[in-house]
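Input: a single structure, listed below in structure tokens.
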């Protein structure tokens with residue numbers, strides 16, 4: 001009788017686990033104005049990955065009056081990010097972009113610039 005109870009308990013635990021997950025895309029962006037003009041802009045991206053999300057930190061030359069407007073869209077295995085609009089008056093901003101998505105993605109495009117990424121947690 002104990003064996004049946006143990007088997008039943010194990011079956012219930014396995015049945016209650018959700019091994020499937022619907023696709024999703026969650027994101028957040030923070031920005032900080034570094035200075036007017038875009039001289040001495042640092043290239044490159046700093047990537048911090050956790051078990052939950054990927055965080056990208058980079059500098060971007062945007063409108064001097066950038067108000068935080070952006071959009072994020074998934075296109076196949078690419079995450080496409082559009083940040084602000086372009087104008088004559090520029091300023092340099094530090095952008096911190098956090099992305100949490102399933103299924104995994106292989107490319108990140110920011111304002112038309114595409115980079116290959118390796119996401120291994122999924």
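The values are calculated or read from the model by the stated rules, or taken from the named source; none is laboratory data. The structure presented is a predicted model; accordingly, all values stated were derived computationally and were not measured. A quick note on method: Cβ atoms are made from the backbone with ideal geometry, for glycine too, and the neighbour counts reach across all protein chains shown.
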(message) Filter the stretch 14-49 down to the residues that are at pLDDT below 90, within 23 Å of residue 101 (Cβ to Cβ), in contact with a strand residue (DSSP E or B) (Cβ under 9 Å, 6 or more places away or on another chain) and part of a loop (DSSP other than H, G, I, E, B) and list them by number.
(response) 21, 22, 23, 44
(message) Can you find, within the stretch 45-94, the residue that is surrounded by the most Cβ atoms within 10 Å (Cβ to Cβ) among those that are in contact (Cβ under 8 Å) with a residue 60 or more places away in the chain and more than 12 Å from residue 31 (Cα to Cα)?
(response) 54
